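A.B. asks: Take this structure first; my questions come after.
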Amino acid sequence: MSRFDPLDAVLFDLDGVLTPTAEVHQLAWARLFEAYLAQRGAAPYTDQDYFDHIDGKPRYDGVRSLLASRGIVLPEGDPTDAPETESVCGLGNRKNAVFTSVLDDDGVAPYPGSVAFLDALAARTGDDAVAVAVVSSSRNARAVLTAAGLIDRFAVVVDGQVAAERGIAGKPAPDTYLDAAAQLGVSADRAVVVEDATSGVAAGRAGDFGLVLGVDRGAGRDDLIANGADAVVDDLGDLVQSGSLA
């Protein structure tokens, strides 16, 4: 894109935008559903299932959507269900146990281009200052931000845990993004949503945000545009290196 205006606030998704934890999530989901679907005699899990049914959604919504694609119906269960429980919540908690184990063992480093982009925004002061927030469906957002050394950059984090506690609808509904903008004291039309998931750009479009910027980490440029992105980049660092940041 020739010019990027950050307006008054930039609201970042986390996984796949700031940190490559999407890769850890993809691995955890694959480990869960490859075994589970084989056990049920259903069609095998594929990488495309992640983008079609899971990416960007709250965890239990992802479980529900994937199961529905195979015609499998399970009881909803409860968020306190043990990972071994045969329920939507139980399967979601089983996936989270795998994710947490990988994060603890391997840690996570932020995308260098995203750090450069955050640095460029932080350098803006006075009338040009830009507020920032993280809006993530993950209930592990604060743990991931801490592991990546980014937690101190964000006074506002609206994640899956916050959404559940406050009854805020998850993506593709725009509510979590609207909540973050409100906490920053910025109207939606003066805020930018940055997302790598089709459900996330759909949330940005549904909220009538000033700009919805897609980051293509695998969802596909065309699909991101079709679902609501105004523009798509391969990496946020491209905007810094090209001088496109207004």
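A.B. asks: Taking Cα atoms of the chain, Rg/Rh with Kirkwood Rh, to two decimals?
C.D. replies: With Rg and the Kirkwood Rh in hand, the quotient comes to 0.97.
A.B. asks: What percentage of the solvent-accessible surface of the chain, computed with a 1.4 Å probe over protein heavy atoms, is contributed by carbon and sulfur atoms?
C.D. replies: Carbon and sulfur together cover 48 percent of it.
A.B. asks: Suppose we keep just the DSSP beta bridges with both residues in the chain; what percent of those would be antiparallel, to 5?
C.D. replies: In the chain, approximately 0 percent of DSSP beta bridges are antiparallel ones.
A.B. asks: I've got another one for you. Given only helices, namely DSSP H runs of n ≥ 4 each adding -39500 (n - 2.57), what is the per-residue ellipticity at 222 nm of the chain, to the nearest 500 deg cm²/dmol?
C.D. replies: Result for the chain: -13000 deg cm²/dmol, rounded to the nearest 500.
A.B. asks: What's the magnitude of the charge dipole for the chain around its Cα centre, counting Lys and Arg as +1 and Asp and Glu as -1 at the beta-carbon? Answer in Debye, nearest 20.
C.D. replies: 340
A.B. asks: From Cα pairs below 8 angstrom and at least 6 apart in sequence, can you work out the relative contact order of the chain, rounded to a whole percent?
C.D. replies: Taking the mean separation of contacting Cα pairs over the length of the chain, I get 26 percent.
A.B. asks: Taking only the alpha-carbon positions of segment 12-154 and ignoring solvent, what does the Debye formula give for the base-10 log of I(q)/I(0) at q = 0.16, 0.17 Å⁻¹?
C.D. replies: Scattering profile of segment 12-154, log10 relative to I(0): -0.84, -0.92.
A.B. asks: In whole Å, what is the distance between the alpha-carbon centres of segment 28-73 and segment 182-246?
C.D. replies: 26
A.B. asks: Give, as a single signed number, the net charge of other residues whose beta carbon lies under 13 Å from the beta carbon of D8, with Lys and Arg counted +1 and Asp and Glu -1.
C.D. replies: Here the count lands on -2.
A.B. asks: Binning every alpha carbon pair distance of segment 160-216 at 10 Å from zero, what are the percents per bin?
C.D. replies: 27, 55, 18, 0
A.B. asks: Given the options L7, A68, L27, identify the residue whose Cα lies farthest towards the positive end of the charge dipole of segment 1-93 (+1 on Cβ of Lys, Arg; -1 on Cβ of Asp, Glu).
C.D. replies: The listed residue farthest towards the positive side: A68.
A.B. asks: For T19, what residues show an amide H to amide H distance below 5 Å, using hydrogens built from the backbone and excluding near sequence neighbours?
C.D. replies: Amide H neighbours of T19, under 5 Å, 5+ apart: Y111.
A.B. asks: Let me ask something else about it. Projecting each Cα onto the charge dipole of the chain (Lys/Arg +1, Asp/Glu -1 at the beta carbon, about the Cα centre), which of A82, A97, T198 comes out farthest on the positive side?
C.D. replies: Farthest towards the positive end: A82.
The values are calculated or read from the model by the stated rules, or taken from the named source; none is laboratory data. Computed from a predicted structure; not experimentally measured. Cβ sites come from the backbone with ideal geometry, for glycine too, and all protein chains shown count toward neighbours. Surface areas here come from the heavy atoms of the whole protein model, side chains and all, with no ligands, DNA or RNA. Shrake-Rupley method; radii C 1.70, N 1.55, O 1.52, S 1.80 Å.
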